[in-house]
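Everything below concerns the one structure shown next.
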Amino acid sequence: MSQVRQYELVYILSPDATDQEVADLHTQIEAIITRYQGELVKTENWGRRKLAFRIGKHREGTYVLEVFKGTGELTKELDRRLKVIDSVIRHLCVRVDEDLRLAERTRARRDAETQRRIARGLPVGGRSRRSDDDGGDDEPTDRAEV
Amino acid sequence: MAEERRSRGGAGSKTRGSARGAEKGGPRRGMFRRRKVCKFCTDKVDYIDYKDAKMLLPFVPERAKILPRRISGVCAMHQRKLQTAIMRARQLALLPYSTD
Ligand SMILES: [Zn+2]
């Protein structure tokens, strides 16, 4: 039994793929997610984009993002299926829950620190975007504290 | 974390000292000379998204190699996250491996 994680899957379809084919693949992916007791969180069609380099003979492709929750077995199955579908020229599935949680924790901690400074009447650092010709490196607010 | 360390005060004078040192070293390539603070720390970016190619692009200039942090001023933690994001973006052809 493996754990449920949040993943992001991005796949690129050949520019020859019709809208119907793009929709069908999404339906297939969703069915696999459901079959493995996963949950589709969000889907985004980025449309046709130019590729930064050629993949096979292709210079552009249709990008689709699927955010889902599921197990490692599910991602393995998706990986296996996407590899054998000819219209998919590239795909990438990455786990994102840990990074997002970490980012959220960092943000929460910073907010708490800001609140603490406000409560103690200390200047709140950071918000001021200094111009580039300011030679100093540190936040002026920190010097004021000393 | 890096922010906390900087705000302790002692580190501030140290970085000012090194800034003066750079000045003495004569004119260097101008573009990044002043940029001593991590852009991501300043902008409070907690998550570097591999899907945001536009944001990543300035960090893969010219021959599309990842910009070293001694030039960009990005802190170690954010450079690590940036590196992961760039490698993912490359796998998805959102960023080039090299511009040839
Ligand atoms: Zn940083």
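Quick look at the numbers
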quantity	calculated
Index of the failed condition, A:GLU104 passing every other in (1) without any contact (Cβ under 8 Å) to a residue 24 or more places away in the chain; (2) assigned to a helix (DSSP H, G or I); (3) more than 9 Å from chain B (Cβ to nearest Cβ)	(3)
For A:GLU60: the one exception among (1) over 12 Å from the mean Cα position of the chain (by Cα); (2) part of a strand (DSSP E or B); (3) free of Cβ contacts under 8 Å to residues at least 40 places away in the same chain	(3)
Filtered residues of the range B:52-75 (kept if touching a residue at least 40 places away in the same chain (Cβ under 8 Å) and within 13 Å of the ligand (Cβ to nearest atom))	B:SER72, B:GLY73, B:CYS75
Single residue of the range B:76-100 satisfying the filter (in a loop (DSSP other than H, G, I, E, B) and at negative phi) that is farthest from the ligand (Cβ to nearest atom)	B:ASP100
Meets criteria (within 16 Å of A:ASP97 (Cα to Cα), within 14 Å of another protein chain (Cβ to nearest Cβ) and surrounded by 15 or more Cβ atoms within 10 Å (Cβ to Cβ)) for A:TYR11	no
Count of residues meeting criterion [over 22 Å from A:ARG48 (Cβ atoms), assigned to a strand (DSSP E or B) and among the aliphatic types (A, V, I, L, M)] in the range A:78-99	1
Residues of the range B:41-75 classified as part of a loop (DSSP other than H, G, I, E, B) and among the aliphatic types (A, V, I, L, M), total	7
Any pair with Cβ under 6 angstrom, 6 or more apart, that starts in the range A:29-56 at a residue that is within 14 Å of A:TYR11 (Cα to Cα) and free of Cβ contacts under 8 Å to residues at least 24 places away in the same chain and ends at one that is part of a strand (DSSP E or B) and hydroxyl-bearing (Ser, Thr, Tyr)	A:TRP46/A:TYR63; A:ARG49/A:TYR63
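No value in this document is a laboratory result; all are computed from the given coordinates. What you see is a predicted model; the values in this text were computed from it and never measured. Methodologically, a virtual Cβ is constructed for each residue, glycine included, from the backbone with ideal geometry; neighbour enumeration extends over all protein chains shown.
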